[in-house]
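> Let me give you the structure first, and then I'll get to my questions.
The values are calculated or read from the model by the stated rules, or taken from the named source; none is laboratory data. Since we're looking at a predicted model, the values are computed, not measured. For neighbour counting, all protein chains shown are included, and Cβ atoms are generated from backbone atoms with ideal geometry for every residue, glycine included.
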Amino acid sequence: MSNVLVPPRYGQHIVAVGSTGSGKSEFMQQLLKCYNYRFMIDTQDSLDKIEGRSFTDPHGLAMRLKFYKSLKYKPGHEYREKDWWNYIFATIAHSSTKKKPKPRVVYIDEAYHVGRGTSYPAELPKAIQTTRQKQISWFVATQRPRQLPQEIFSEAAKVYVFYLSKFDDLVTVSKFGRQSDKELMKLLQDQTDDYSFIEIDNRKGTWTKYPPLKI
């Protein structure tokens, strides 16, 4: 088995889930380096390893998307309300069209901070559902998969699972295995925080466990 991960192509969506310290964020940051066109939502001031033009307010976002390849958005406190998030996601979705696609990876480093745990802005799942043919990819990372909108998972080509400590999160993820929920559940329960992870193919329902990978 190869230990080299093939990065998703533009237009493919993925989700990475895992508890703090499980290696999820490091993995995603390494993956982001494979793309020239990135829009990174840095809700925890943790994307220090990725280069990008930083900004803290969403004004003029459409123009920034037009002129900069790599953007790093660190929203100020006053811009963390749902209306501003809806503006951000709608603007990103409209920055590319099917006739004139502009490839880009959009990364949310911790979705919990966008939805404040349970109430996610409506434009987020809407954007994820409508941008694949525009070659916009959404990479969503979270500690609590149970709290993500179902649309985010249903649109994901792959789900990457690092160590999870909450039983209800394990149950949520195990349902993506078409072969055997019980078999996948046992594999998830046996995981330890050793930076290995499980890749679930959300279309086929198959899964593979990998050691720490080189990208």
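> Yes or no: the range 13-26 includes at least one residue that is of a type in the set (Val, Ile, Thr) and in contact with a Lys or Arg (Cβ under 6 Å, 6 or more places away or on another chain).
So far as the range 13-26 goes, yes, one or more of its residues are of a type in the set (Val, Ile, Thr) and in contact with a Lys or Arg (Cβ under 6 Å, 6 or more places away or on another chain).
> Only one of (1) among the hydrophobic types (A, V, I, L, M, F, W, C); (2) under 27 Å from residue 192 (Cβ atoms); (3) modelled with pLDDT of 90 or more fails for residue 61. Which number is that?
(2)
> Name the residues in the range 107-124 that are outside any loop (DSSP other than H, G, I, E, B) and more than 17 Å from residue 17 (Cα to Cα), would you?
123, 124
> Of the residues that sit in the range 25-43 and are closer than 23 Å to residue 80 by Cα and among the hydrophobic types (A, V, I, L, M, F, W, C), which one is nearest to the chain's Cα centre (by Cα)?
Only one residue fits best here, namely 28.
> Could you please give the count of residues in the range 1-53 that are out of contact with any helix residue (DSSP H, G or I) (no Cβ under 9 Å at 6 or more places or on another chain), within 19 Å of residue 143 (Cα to Cα) and among the β-branched types (Val, Ile, Thr)?
1
> Just the residues that are among the basic types (Lys, Arg) and either in contact (Cβ under 8 Å) with a residue 40 or more places away in the chain or touching a Gly at 6+ places or on another chain (Cβ under 8 Å) (or both), please, taken from the range 97-136.
The answer is 102, 104, 132, 134.
> Additional query: Taking the criterion of being more than 30 Å from residue 102 (Cα to Cα) and surrounded by fewer than 22 Cβ atoms within 10 Å (Cβ to Cβ), would at least one residue in the range 118-140 satisfy it?
Within the range 118-140 (the criterion being more than 30 Å from residue 102 (Cα to Cα) and surrounded by fewer than 22 Cβ atoms within 10 Å (Cβ to Cβ)), the answer is yes, since at least one residue qualifies.
> Determine whether residue 70 is out of contact with any helix residue (DSSP H, G or I) (no Cβ under 8 Å at 6 or more places or on another chain), of a type in the set (Gly, Ala, Ser), modelled with pLDDT of 95 or more and within 28 Å of residue 195 (Cβ to Cβ).
The answer is yes for residue 70.
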